[in-house]
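The values are calculated or read from the model by the stated rules, or taken from the named source; none is laboratory data. Quick caveat: nothing in here was measured; it's all calculated off a predicted structure. No Cβ is skipped: glycine too gets one built from the backbone with ideal geometry, and neighbour counts run over all protein chains shown.
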Amino acid sequence: MKSIAVFAALLLSVVAGTASAQSNVVVLEIEGGIGVATADYIISGIEYAQETDAELIIIEIDTPGGLMAPMDDIIKAILGSSVPVATYVTPAGARAASAGTYILMASHIAAMAPTTRVGAATPVSLTGDGATPDDKGESEGEGEGEDETAPATPAGTDLKRKVLNDALAEIRSLAERHGRNAEWAEKAVRDAATLTAREALEQNVIEFVAATRAELLAQIDGHEVQVNSETITLATNNVVVEEYEPNWRIKILSAIANPEIVLLLGLIGIYGLMYEGWNPGAIVPGVVGVICLLLAAYALQVLPVNYAGLALIIVGLALMTAEAFAPSFGALGLGGIAAFVFGAIMMFDSGVPGFGISLVFVIGLAVVAALLIIWLVGFILKLRRRGAVSGRDSIIGGVATAMADFSGEGNVWLEGEAWTARSTVPISKDQQVRVTDMDGLVVVVEPIAERDAGGAQLQT
């Protein structure tokens, strides 16, 4: 019995050791501009790590920055996480600029790969105006003894100063929370200062420099961090690394929350509705058009846009639509394209990192739109030359074939149907006749005239 008890104890220790060796590390990734989809992904990844009782969360980051609201949501999720978070600037050549710097400062562990950089965290407004140091209002005349008769500070400067001071307080508090260099953190905001990985390590901005994820895990094994006022010693040796993938909703939002995709969706939507207008009952173009326009409208809610540019795009789309229903032989269409191009450039020229638009893409899209307008004008001209395709006007002038000999009334084959015909002259079977008039559902026909070699007109 004693040997059985010893064996059971050994078995339990092996099981416990295996369980401890299976601790997981959840890896998240931020690449490109930080927006609403990014925040949803990071927050859901942190929640997943907490549910699975992960040992550590690693956020691998390479970003030029992004929007402040999603950035704040990510920071709140990191600060409230019960699982330690390590933000790792990788791969070589990557950066954690602007909003990325704040996320790095908020994390329990800050690490960078060699030849990466961090900083340039000066906030930028949606109008593209940075909250520069000149606006911080620290001139010698301020404070005690300030001249109360001095001109009031412009409202725009006050707003910039508020944004700057708020950003300074936020990044300083994040740096102090984890014992990092708060003075440099302020410079990153106030002066857009930047550091390389080695400089950041020397100036106590980060804790580790690691070339690979495996090297980072080896370095932080046994490292102590403060999580919610509790000291946690990390055990990252022999952990299972799990890369967390975004769900379908986040993938769709990430795909459409892109300025270029928004423009494509808008054009597809407009042309889908235009085609439905030319071909009532086609259904598919109209359905696709409505869906694309709704997706574009949703994406615009999560993107930084200039509303003057948005108004120009709406005018451009309206003019292109008017070209389809009130043809002006290209005038409305070309005007719509011009408004669309200028609006696209203006709408996404917000200065927010990661949310710009390529001028080459806009011009290419304009060329495609122009070709479609040219095709539309040609199509309309072709329709006008063809004349009527239904009703009385489409019948008169048509050529029919006699189905049998008749004098007075008989039957002719016209446009795939048998018609009752009336003629003042006898008609032979298979003779071609021309419709000259209609009397209700009876067509009035006459033989098609031919000319003899001498030019005299004969009746066949």
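Among the residues of the stretch 105-128, how many are at positive phi and either at pLDDT 95 or above or among the β-branched types (V, I, T) (or both)? Quick ask: steps written out before the conclusion?
Residues of the stretch 105-128 that are at positive phi, as a first pass: 115, 119-120, 128.
Now drop any that are not either at pLDDT 95 or above or among the β-branched types (V, I, T) (or both), which leaves 115.
Within the stretch 105-128, residues that are at positive phi and either at pLDDT 95 or above or among the β-branched types (V, I, T) (or both) number 1.
One line per residue, one yes/no per condition, for (1) among the charged types (D, E, K, R); (2) in contact with a Pro (Cβ under 8 Å, 6 or more places away or on another chain); (3) at pLDDT below 80:
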residue	(1), (2), (3)
D349	yes, no, yes
G354	no, yes, yes
R384	yes, no, yes
S394	no, no, yes
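A Cβ distance below 8 Å, combined with a sequence gap of six or more or placement on separate chains, defines the contacts here; from the stretch 268-293, residues that are not assigned by TED's automatic domain parsing to the domain that holds M320 and surrounded by fewer than 17 Cβ atoms within 10 Å (Cβ to Cβ) reach residues that are hydroxyl-bearing (S, T, Y) and part of a helix (DSSP H, G or I) in the pairs A282/Y275. Can you tell me which residues in the stretch 60-85 are assigned to a strand (DSSP E or B), crowded, with 24+ Cβ neighbours inside 10 Å and under 24 Å from the mean Cα position of the chain (by Cα)? Hits for the stretch 60-85 are I61, T63, G66. Taken over the stretch 254-307, the residue count meeting the criterion of being farther than 20 Å from I34 by Cα and among the small types (G, A, S) is 8.
Collect the residues in the stretch 307-330 that are modelled with pLDDT of 75 or more and of a type outside the set (F, W, Y), keeping them in residue-number order.
First, the residues of the stretch 307-330 that are modelled with pLDDT of 75 or more: 307-316, 318-319.
Across the stretch 307-330, the qualifying residues are A308, G309, L310, A311, L312, I313, I314, V315, G316, A318, L319.
For the stretch 244-253, state whether one or more residues are surrounded by fewer than 15 Cβ atoms within 10 Å (Cβ to Cβ) and over 33 Å from the mean Cα position of the chain (by Cα). No.
Restricting the first member to the stretch 411-437 and to residues that are touching a residue at least 40 places away in the same chain (Cβ under 8 Å), and the second to residues that are of a type in the set (D, E, K, R) and surrounded by 14 or more Cβ atoms within 10 Å (Cβ to Cβ), the beta-carbon pairs closer than 8 Å and six or more apart or on different chains are T436/E446. Report yes if G266 is in contact with a Cys (Cβ under 8 Å, 6 or more places away or on another chain), under 23 Å from G343 (Cα atoms) and of a type in the set (G, A, S), otherwise no. Against the criterion (in contact with a Cys (Cβ under 8 Å, 6 or more places away or on another chain), under 23 Å from G343 (Cα atoms) and of a type in the set (G, A, S)), G266 qualifies.
Strands (runs of 3 or more DSSP E) fully within the stretch 198-252 that include at least 3 residues being modelled with pLDDT of 90 or more and hydroxyl-bearing (S, T, Y): none found. When Y88, Y102, Y41, Y48 are screened for being part of a strand (DSSP E or B) and either modelled with pLDDT of 95 or more or aromatic (F, W, Y) (or both), only Y88 passes.
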